[in-house]
């Protein structure tokens, strides 16, 4: 199999190439899938496909009562059925975006990645991960959702001769026990769970000092993953420290954890090893900043959500500037219907969100998200500096709300207010 493209390049062509190399039966010549993928490839680059031809392709299997050609693929046929349906949705999304370019920001068209068995490619890429050191991985929010999926991916792909020390930080011991019980038993690997409720920044800092530096006695961290978070849609809710709960977890808590643990990452960098911080969120999809309300005390939920993402872009860039030997990332996990961050929503909103996600052409599983996140985390192209990427390992568009003035004001505010 060919080597993966550099992390900063699009995976579109590589995904298609990967299918041809590893599983050509999944895309036989003249199949419905092959034709639809060709149409999608054209539409992705702004060429409007021949709509009557697309309609004929769609009607042909409907008339015959089959979504797939008779290729005897068994279970793979069902998989291709889903892929064909998703490709059709993507074609029409891309046509809409091409005809209405101003809609690109609010309705981005996913890469071909989401329709050509990305999980298989992710696993194959991660299987090539072969560090010369025994990595120490600390995952906040690692007991559920994409954090747990990343833990599973890392534990699965780490070479047995090096193993890894994976520290899972979260609230639920039962969830952690179940997760660890399902991880591979590798003699050189060690799995630890440390319980903390990270809602209060002061409690989080005490935990870091007493448990990570103290109890475990960590001497280095190679990969720090910040996945803790929970959506609280009440913009007026406040913790005892004066923060809206979601902002406390995902902005002040994450940034302060990175600052306090930076010496351990610097120790890894000094030894010539990977030293990376990953904050999982929604890079470059944020909103404007109100410099008269940097603490978000007056903002409604919509403004708060937009500012929270922009604040994350800001602290990622600022951390990379403060610690030039580290790689600091803000990455997207993709559209995952069962992500743990939805726990804070009322049950009816969670239900609606999951139903919509299942019909979305860009939905991926938790496990697939974990594979992709691992690839982003260990990508050899991401050695030092700030990286803002989507779940396809493509650079996200620069935030239009992050100028030098707002960046300086927000970063100073985060540092000062999280010093509790």
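Numbers at a glance
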{"item": "Near pairs, Cβ below 6 angstrom, 6+ apart or cross-chain, from region 398-420 (farther than 16 Å from residue 316 by Cβ) to any residue that is modelled with pLDDT of 95 or more and assigned to a helix (DSSP H, G or I)", "result": "420/201; 420/202"}
{"item": "Criterion violated by residue 215 - all others in (1) under 16 Å from residue 324 (Cα atoms); (2) surrounded by fewer than 24 Cβ atoms within 10 Å (Cβ to Cβ) satisfied", "result": "(1)"}
{"item": "Test: residue in region 244-267 that is assigned to a loop (DSSP other than H, G, I, E, B) and within 22 Å of residue 172 (Cβ to Cβ)", "result": "no"}
{"item": "Test: residue in region 238-256 that is in contact with a strand residue (DSSP E or B) (Cβ under 6 Å, 6 or more places away or on another chain), closer than 24 Å to residue 199 by Cβ, modelled with pLDDT of 95 or more and surrounded by 24 or more Cβ atoms within 10 Å (Cβ to Cβ)", "result": "yes"}
{"item": "Cross-chain or 6+ apart pairs with Cβ under 9 Å, region 180-201 first and farther than 26 Å from residue 229 by Cβ, then in a helix (DSSP H, G or I)", "result": "184/155; 184/156; 186/155; 189/155"}
{"item": "Subset of region 366-390 that is touching a strand residue (DSSP E or B) at 6+ places or on another chain (Cβ under 7 Å) and assigned to a loop (DSSP other than H, G, I, E, B) - its residue that is farthest from residue 153 (Cα to Cα)", "result": "384"}
{"item": "Matching residues in region 367-382 - criterion: being under 15 Å from residue 139 (Cα atoms) and out of contact with any helix residue (DSSP H, G or I) (no Cβ under 7 Å at 6 or more places or on another chain)", "result": "376, 377, 378"}
{"item": "Filtered residues of region 390-415 (kept if touching a helix residue (DSSP H, G or I) at 6+ places or on another chain (Cβ under 7 Å) and either surrounded by 22 or more Cβ atoms within 10 Å (Cβ to Cβ) or over 12 Å from residue 330 (Cβ atoms) (or both))", "result": "391, 392, 393, 399, 401, 407, 410, 411, 414"}
{"item": "Enumeration of residues in region 360-378 that are over 11 Å from the mean Cα position of the chain (by Cα) and at pLDDT 90 or above", "result": "378"}
{"item": "Which numbered condition residue 270 misses (of (1) at negative phi; (2) touching a helix residue (DSSP H, G or I) at 6+ places or on another chain (Cβ under 7 Å); (3) surrounded by fewer than 22 Cβ atoms within 10 Å (Cβ to Cβ))", "result": "(2)"}
{"item": "Boolean, residue 183 is farther than 19 Å from residue 278 by Cβ, assigned by TED's automatic domain parsing to the domain that holds residue 376, in contact with a helix residue (DSSP H, G or I) (Cβ under 6 Å, 6 or more places away or on another chain) and modelled with pLDDT of 95 or more", "result": "yes"}
{"item": "From 166, 158, 117, residue being modelled with pLDDT of 95 or more, touching a helix residue (DSSP H, G or I) at 6+ places or on another chain (Cβ under 8 Å) and crowded, with 20+ Cβ neighbours inside 10 Å", "result": "166"}
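The values are calculated or read from the model by the stated rules, or taken from the named source; none is laboratory data. Since the model is a prediction, treat every value here as computed from it, not as a measurement. Cβ sites come from the backbone with ideal geometry, for glycine too, and all protein chains shown count toward neighbours.
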